[in-house]
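Below: the structure, in structure tokens.
Coordinate-derived values only; no laboratory data. Owing to the predicted nature of the structure, the values given are computational and were not obtained by experimental measurement. Glycine gets a Cβ as well: all are built from the backbone with ideal geometry, and neighbour counts include every protein chain shown.
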Amino acid sequence: MLEQLLIFTRGGLILWTCKELGNALRGSPIDTLIRSCLLEERSGAASYNYDAPGASYTLKWTFHNELSLVFVAVYQRILHLLYVDDLLSMIKQEFSAIYDPKRTSYDDFDDIFQQLKKEAEARAEEMKKSKQLGKPVNNNLGRKQGQVQNGSVDGGSKKKSGGESGNDGGDGDKSRGRPLENGNLRNNHVGKGEVPAMVNANGKENGASKTGAFDVNKLQKLRSKAAKKTETVVNKVPKGEPNKKITKKNRVWDDSPKESKLDFTDPVSENGEQNISVVAADEGESMMDKEEIISSDSESEEEETGKDSNVDSKKKGWFSSMFQSIAGKANLQKSDLEPALKALKDGLMTKNVAEEIAEKLCESVAASLEGKRLASFTRISSTVQAAMEEALVRILTPRRSIDILRDVHAAKEQGKPYVVVFVGVNGVGKSTNLAKVAYWLLQHNVNVMMAACDTFRSGAVEQLRTHARRLQIPIFEKGYEKDPAIVAKEAIQEASRNGSDVVLVDTAGRMQDNEPLMRALSKLIYVNSPDLVLFVGEALVGNDAVDQLSKFNQKLGDLSPSPDPRLIDGILLTKFDTIDDKVGAALSMVYISGAPVMFVGCGQSYTDLKKLNVKSIVKTLLK
Amino acid sequence: MDKEKIGELKIQLQQLLNEAQEFVQRIPPLQLYAAIGVVVFTIFLLLVIRLFKRRSANTILLTGLSGSGKTVLFYQLRDGSFHQGTVTSMEPNEGTFILNSETSKKGKINPVHIVDVPGHSRLRPKLDEFLSQAAGIVFVVDAVEFLPNVRAASEYLYDILTKASVVKKKIPLLLLCNKVDKVTAHTKDFIRRQLEKEIDKLRASRTALSSADVTNEYTLGLPGEAFVFSQCHNKVTVAEASGLTSDISQLEQFIREYVKA
């Protein structure tokens with residue numbers, strides 16, 4: 001039974017709701033749908049899950065792009081209603097017939113709606129009966145598909161994704177596992193450990209077994225759980241090894257001098273330091289404070305490259321598209337949009353955007369353009385390009401304020417230090433960029449303190465110590481082999497004692513699949529509740545960015561003992577100077593996590609820290 | 001064959017030209033110059049009028065955070081009721097109409113062009129598209145849920161007040177405290193003072209780093225003094241309204257002040 005069915009304009013006015021289904025919806029599912037799904041360019045997903053205290057709903061929607069209308073159906077998640085998609089498309093057709101921009105009340109639609117609902121329910125009953133006969137056949141099909149998937153994809157976590165997706169009447173696998181929302185809404189914790197790293201093949205293959213054959217998926221779930229268990233056992237063994245290595249005694253080959261003399265850092269640098277520190281402080285303004293001049297002649301560039309690509313394709317295609325553009329085609333169908341979207345998707349992928357993200361983006365843009373009337377004298381490709389550009393700007397615009405200085409001042413007023421934790425995989429540049437952020441904060445008269453919680457990698461503490469000496473800021477360290485959570489806690493206490501405004505916590509790099517290390521990280525975050533969890537990712541990463549970020553977020557959510565886990569709040573994009581114009585990693589990371597890019601590291605000296613320039617990135621991506 | 005035809009056409013053209021020349025020469029020169037002068041003058045007038053028209057804007061912008069009640073106010077102004085409710089806007093609502101309360105008045109009334117810009121942070125860039133035509137800005141604030149959102153509201157307001165077009169054209173701003181029909185709503189003076197305090201703090205901490213690429217082109221207020229709205233170059237006034245109960249008289253007053261009836 002449907003809970004509610006709404007029709008509203010894109011501008012926000014509700015045109016019609018079903019008065020019979022008078023149940024008031026708990027929470028505000030529609031607003032959340034708009035904010036977390038439709039405005040996040042995930043409108044290509046099949047459905048959206050919403051959890052509020054006391055109710056859990058699934059929402060499905062469809063657009064009428066020509067009239068700028070949105071049709072949303074809400075129903076309880078435990079019910080697998082099969083007729084909703086059907087009903088929505090029928091309602092769309094009927095309503096567009098009677099829609100008039102001046103009218104604001106459509107009471108006569110009630111009867112039509114009742115009729116359509118009965119029809120749709122009847123049709124669904126029929127389909128269900130026929131499906132029951134075809135179910136065993138479907139089962140085998142589904143299982144085979146799952147096996148093929150499992151074989152070709154490595155990693156137990158990917159197996160799980162095969163099981164979890166395609167559940168429950170086509171729930172948007174794209175929208176699952178997105179545990180970062182405004183406020184306390186937990187939208188996707190239907191079951192634990194859902195992996196949102198969706199390969200598109202998943203959705204398509206399991207689409208056949210979408211409606212009803214969920215026991216196949218259950219089988220896969222069980223299988224993947226078994227696989228997961230063996231994985232964790234395997235993971236525990238290698239963790240033991242590094243510990244062993246550190247405690248191993250150094251081998252003495254002959255009567256050579258003792259190890260103590262191997263540490264040459266302290267005495268030499270003592271004298272050289274003062275000079276170095278003075279020089280360091282004067283490296284000039286951090287690039288964070290410099291304005292970037294955006295050239296505004298992008299429009300002509302895009303037009304011309306568009307024309308070139310058109311000419312390259314068949315001559316016939318060019319002629320017909322020119323004719324269409326002058327005539328103004330009736331309505332855009334998906335088949336018309338496909339070639340333009342495919343070209344755009346390939347273009348994005350050559351700019352190093354992860355494949356899944358490009359796919360999802362194109363689907364979302366297609367959903368927002370389908371059925372729209374082409375204005376005369378516009379090509380399909382330019383309409384698609386404009387829509388894509390708008391979507392990209394929307395994604396890259398931060399959802400919340402990224403003014404760190406303001407947050408620092410707010411924390412200062414409350415008398416607490418502002419704690420920033422840098423997390424990420426190995427070798428992305430956490431320690432280097434930590435020093436850059438410290439330099440920038442120093443330039444704005446903020447007292448910074450570093451906390452060396454990377455107690456694993458040899459040289460990590462010394463590295464931070466060197467930076468601290470150059471910048472002349474205090475550093476809190478406890479050497480190696482200590483529990484990072486405890487070190488961080490003590491560092492924060494020390495900061496409040498000596499009056500530091502900001503504590504920058506450096507952690508060891510860790511792979512997103514490494515369960516014990518991720519557990520340790522979530523413990524660190526849980527124990528210290530930092531103000532900002534900054535994920536450091538390098539711009540050179542390709543498809544792995546999706547995996548890294550989603551797994552980090554998921555593990556932080558799952559392994560945290562608190563009911564309201566802290567997730568990644570911001571992204572620091574590093575090694576930006578190495579990528580020329582292949583800037584797609586920024587887009588992938590922002591799309592998959594929803595966190596804004598707060599800093600961009602573009603070099604290895606202290607001043608090489610910038611903020612993200614949305615317009616120039618979008619321009620580069622679409623060139 | 002073709003060459004002959006072309007030759008004939010040429011001869012015909014030449015004949016026409018000769019006839020035209022003779023005709024022109026027959027007209028007394030004074031009339032000729034007068035005619036040309038009139039034509040040039042008319043063209044000049046048209047251009048000047050077009051320029052003037054572009055300068056006078058008649059658009060009022062409704063902005064504010066998401067959930068402050070802009071769409072409800074828009075429909076109240078247009079139709080006198082908000083129909084069946086609203087959801088978060090994904091696109092701006094635009095309309096040129098006579099205010100609903102004035103439909104009963106007689107005589108010709110100048111319609112107002114009102115734009116309701118979505119308040120969601122991802123849709124902020126849309127505001128810039130309309131700022132160039134704005135004659136007045138209404139910044140809607142939720143008086144009930146004010147304190148949890150005070151930082152976001154003040155940042156948005158700060159961004160608007162420091163935009164080049166707003167400062168240069170001195171676009172007047174109305175700070176509208178909405179939802180005052182609720183018991184727990186704050187007073188407009190409280191809201192004004194809180195916003196002034198927050199903007200003061202923002203002045204101190206804002207450097208060139210603001211949201212992704214929106215830059216603060218001007219600074220607000222006088223250095224060394226606490227910020228008050230009267231220090232702004234453009235006029236900032238405060239008023240109250242309630243969208244749900246159609247209590248929008250102060251808003252309509254503001255609109256009619258800047259878009260003459």
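Assorted remarks:
- Amide H within-cut-off set for A:S47, under 5 Å, with H built and near neighbours excluded: A:G172
- Loop-located trypsin sites (Lys or Arg not before Pro) across region A:98-131 with a Cβ neighbour count of 11 or fewer within 10 Å are A:K102, A:R103, with loop assigned by DSSP.
- Using a Gaussian network model of chain B in which every pair of alpha carbons under 10 angstrom is joined by a spring, one finds that among B:A185, B:A204, B:A152 the greatest mean-square fluctuation is at B:A204.
- Overall form of region A:441-561 per C-alpha gyration tensor (a/c, 1.5; a/b vs b/c): prolate
- Test item: B:89-98 mean partner chain Cβ contacts at 10 Å: 4
- Taking Cβ atoms as reference points and 13 Å as the exclusive limit, the residues near A:G570 contribute a net charge of 0, counting Lys and Arg as +1 and Asp and Glu as -1.
- Gain on full stretching of the segment that runs from B:I36 to B:K169 - 0.36 nm per residue minus C-alpha separation: 44.0 nm
- Amide N of region A:77-109 lying under 12 Å from the label point, which is placed 7 angstrom from the Cα of A:A55 along Cα→Cβ: A:77
- Built amide H within the under 5 Å cut-off of A:V425, gap 5+: A:R510
- Shape category assigned to region A:354-489 from the gyration tensor of Cα positions, a/c cut at 1.5: prolate
- Neighbour net charge for A:A495 - beta-carbon separation under 10 angstrom, K R +1, D E -1: -1
- Legend: mean number of C-beta atoms from other chains within 10 angstrom of residue C-beta atoms, peptide A:37-49, equals 1.
- Among the listed pairs A:K416/A:K611; A:K345/A:K575; A:K334/A:K360; A:K334/A:K623; A:K615/B:K126, those with a Cα-Cα distance over 19 Å are A:K416/A:K611; A:K345/A:K575; A:K334/A:K623.
- At an R0 of 30 angstrom, the distance between the Cβ atoms of B:T96 and A:E119 translates into a FRET efficiency of 0.15.
- A Förster radius of 51 Å combined with the Cβ-Cβ distance from B:D128 to A:Y480 puts the calculated FRET efficiency at roughly 0.45.
- Near the amide H of B:G64, within less than 5 Å, lie the amide hydrogens of B:V140, all on another chain or at least 5 residues away, with H placed in the peptide plane.
- Inter-site label distance for B:L46 and B:K108 at 7 Å from Cα along Cβ, in nm: 2.2 nm
- Spin-label model, A:D544/A:E490: points 7 Å from Cα along the beta carbon direction are separated by 3.4 nm.
- Number of partner chain Cβ atoms within 10 Å, mean per residue of A:610-617: 3
- Across chain B, the longest piece that holds none of the GluC sites (Glu not before Pro) lying in DSSP loops with up to 15 other C-beta atoms within 10 Å covers B:1-216.
- If R0 equals 51 Å, the separation of the Cβ atoms of A:A386 and B:D181 corresponds to a calculated FRET efficiency of about 0.75.
- Shape of chain B, Cα gyration tensor, a/c cut at 1.5: prolate
- Residue with peak Gaussian network fluctuation, chain B [Cα springs, cutoff 10 Å], from B:Q31, B:Q250, B:Q15: B:Q15
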